[in-house]
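The structure appears right after this line, and notes come after that.
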Amino acid sequence: MTRKSYHLLAMLALAAIGLAAPWLLPSYLSQFSKLWLFIVLALTWDLMGGQMGYNSFGNVVFFGIGMYATAATQVALYYPLAAYTAAKGGGTEFIFNTSQFFTGLAAGLPVGGLAAAIAALALGLIILGMRGHYFAIATLGLAIAAGELAAGWDLIGAGSGMVTPTPPDSIDTTVLFYYLSLALAALTFLFLAWLYSTRFGLAINAIRDDEDKAEAMGHHTTRNKVVAWVISAFFLGIAGGIFGNLSKFIDPIDVAFNGAEIGVWMILMAILGGKGTLWGPVIGAGVFYIMKELFWTYLLGWQRVALGLLIVIIVVFFPQGIVGWLKERWPGRFGPTAEEMEAADAKGEA
Amino acid sequence: MQPLLDVQNVSKAFGGVIANKNVSLKVEKGQIAGLIGPNGSGKTTMFNSIVGYHPVDSGQIFFKGREISRLRVGAIARLGLLRTFQQTRIYGKMTCMENMLISLPDRTGGFSSLLRSRHALGVQRAKDLLEFVGLYSKRYLYAGDLSFGQQKLLEFAMALINEPEMLLLDEPTAGINPTLINGLIDRLKRANKELGITLLVIEHNMRVIMNLADHIYCLAHGEMLAEGSPEDIRNDSRVIDAYLGAH
Ligand SMILES: Nc1ncnc2c1ncn2[C@@H]1O[C@H](COP(=O)(O)OP(=O)(O)O)[C@@H](O)[C@H]1O
Ligand SMILES: [Mg+2]
């Protein structure tokens, strides 16, 4: 079997599992929705941290912005947002019928993505002029600052958070959000697979390997970095929009801008699976998410200690991640070897 | 005719260290110019000033008649003035071919050309130039796995595929196997003749620069000590003293 067909087979298998899950594992559906979204978190983090070598500790901010922007759009299309949040989303005044609910989602999710992308553009123009280490430090405080801002903003419910629109009983939201999450994960994966096949993919790899050199060769390095962050933020924002609806309640600090958990997890998933590889974040998210669910179920009380240990083990024993490790053992499975490329050249020239 | 590169009275100090003091030099289009001088005499600093790596303290730098001393590194590179690094810089976790392909000039295409497939542009050119520097058989190896000398050759090929009008080379033969140096001199000359690239070469090896350059500048203690043809420089007693004194 050729490598291309492995790649295709893996995608088809994932798609088949994904599509069939509502029938196979109906009781775990919301966990699986979160797994697909976690894959998006890991993939978008890796675009910056893995492919470009810019470790962002603040990407969760775009997740949170997308979450709020989506929910706010869903509400504001039909009701005054301030009244809705003041009433904590409750009461009989704020009813969403089927068409209102779907229209709200259809408008809200793209708005969530765009709001996050615009935030990344603005932030990026300020802090992406810096080099990697300084950028990483500059992003450290982002989630905390965003959480504090959201917790002080009455329009979006301030510290008491925001309830997402309650759908009419006729809609099976578990299945709906499951498929939305799956679709977003697939879209993100395919988009990034394409992006990494372009010259832009090479350009951000060049920044990772030697940014001074890229600049000296005339690359528009700052522009390329900002574009990468905007793309990352766009998909993260949509993921946040779905996640908020899935959670039904947006807490500014525990859900939207949860840097200590979600913000750290997205980094760990990418590292566990293999930084700078297309499949790494997907596999890393899968393994991590399952471990996390097991810890939370069977090691309750000690789950954070177990997770902390897992982190140490990942960093010490798998610095290259699962895919990085596999790649070293079986280079031919993950990309053409030098010999194969040469053979292909010889054929083309013959 | 105005020179392609015209450096006028450039000074640059780092704290108390005066690395360049009132240095002037001119390079005509099509020339191979040499810049020599003992270690620490300010040659690399001169390069860094020309390509916009740091602001100069005083003086002016003209490239194609345009004052460039306030432009940024990337902007100067896109004007067609490129440099290679003394310490050698390549993209280590990318293959030689990938190093070459991303070094193609994007002067005209803007961002949209970055969205084309990585194999859409310049594959044959990249192979030809790798062949030219003798790295064709290594083209799919990671650049970081090459020897230091091979990385220098790769860096040279990356500069060539960028089609600069002028190339500044910082000690291109340092670290290269002595048996390969003659081949490298030959390639530098061919890049100049066949590709029409004007060269300014920093070189420590006297034999190499005498063989290569049409016109030579000699720095000592940050100041221009002498300039002239290889013959003039070879016989200049100040140059001989500077080199003997430094070693
Ligand atoms: N970035 C820097 N900071 C401080 N001093 C520097 C820096 N770059 C060069 N120098 C000093 O300037 C002088 C000239 O260095 P350099 O231009 O590298 O010389 P060369 O390339 O001729 O060997 C040296 O004394 C060096 O220590
Ligand atoms: Mg030097």
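Every read-out reported here was derived from the displayed coordinates using simple, explicitly stated rules and does not represent laboratory data. Since the model is a prediction, treat every value here as computed from it, not as a measurement. Every residue, glycine as well, gets a Cβ built from its backbone with ideal geometry; the counts of neighbours run over all protein chains shown.
Here are the numbers:
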read-out	value
Inter-site label distance for residue A:28 and residue A:287 at 7 Å from Cα along Cβ, in nm	1.8 nm
Amide H partners (placed H, <5 Å) of residue B:58, local residues excluded	B:11
The stretch A:191-265 - convex hull of alpha carbons, volume per residue in Å³	114 Å³
For residue A:198, distant residues with modelled amide H under 5 Å away	B:118
Summed residue charge, Cβ within 12 Å of residue B:111's Cβ, Lys/Arg positive, Asp/Glu negative	+2
For A:74-83, mean number of other protein chain Cβ atoms within 10 Å	0
Mean Cβ neighbour count within 10 Å, used as a protection proxy, ranking A:25-31, B:58-64 highest first	B:58-64, A:25-31
Shielding score for B:158-165, defined as the mean number of other chain Cβ atoms within 10 Å	1
Cα-based Rg of the stretch A:32-264 normalised by 2.2 N^0.38 Å, two decimals	1.04
Neighbour-count order for B:155, A:342, fewest beta carbons within 10 angstrom listed first	A:342, B:155
Highest average packing first - B:89-99, B:7-17, B:29-39, Cβ atoms within 10 Å	B:89-99, B:29-39, B:7-17
Three-way shape label, the stretch A:1-105, alpha-carbon gyration tensor, a/c 1.5	oblate
Whole-angstrom gap from the stretch A:42-86 to the stretch A:124-164, using each part's C-alpha centre	10 Å
Over 21 Å (Cα to Cα) - which of A:292/A:327; B:127/B:152; A:347/B:138; A:327/A:347 fall in this group	A:292/A:327; A:327/A:347
Per-residue [θ]222 nm for chain B (sum of -39500 (n - 2.57) over DSSP H runs n ≥ 4, rounded to 500)	-9500 deg cm²/dmol
Highest to lowest packing among B:232-238, A:264-270, A:233-239, B:144-150, scored as the average C-beta count within 10 Å	A:233-239, A:264-270, B:144-150, B:232-238
Fewest-first sequence of A:6, A:289, A:179 by Cβ atoms within 10 Å of each Cβ	A:6, A:179, A:289
Relative contact order (%) - chain B, alpha-carbon pairs under 8 angstrom, separation at least six	27 percent
Straight-distance crosslink candidates among lysines, where the alpha carbon sits under 23 Å from residue B:21 and sequence neighbours closer than 8 are dropped	B:12, B:43
Degrees, to the nearest 10: A:29-46 long Cα axis against longest axis of chain A	50 degrees
Percent of Cα pairs exceeding the 21 Å cut-off, where the set is the stretch B:108-225	45 percent
Nearby lysines by direct alpha-carbon distance to residue B:29 (threshold 20 angstrom, same-chain neighbours under 8 apart not counted)	B:64, B:189, B:193
Neighbour-count ranking [beta-carbon atoms within 10 angstrom, fewest first] of B:54, B:221	B:54, B:221
Around residue B:208: net Lys/Arg minus Asp/Glu count, Cβ-Cβ under 15 Å	+1
Antiparallel DSSP beta bridges within the protein assembly as shown, percent to nearest 5	60 percent
Overall form of the protein assembly as shown per C-alpha gyration tensor (a/c, 1.5; a/b vs b/c)	prolate
Set of lysines near residue A:248 by C-alpha distance (under 16 Å), chain-local residues within fewer than 8 positions excluded	A:34, A:88
Efficiency of FRET from Cβ geometry, residue A:99 and residue B:75, R₀ 51 Å, rounded to 0.05	0.45
Chain B: most fluctuating residue of B:165, B:223, B:231 per GNM, C-alpha cutoff 10 Å	B:231
Peptide A:200-210, shielding by other chains (average Cβ, 10 Å cutoff)	6
Whole-Hz ³J(HN,Hα) from phi, Karplus 6.51 cos²θ - 1.76 cosθ + 1.60, for the stretch A:143-149, glycine and proline x	5, 5, 4, 5, x, 5, 4
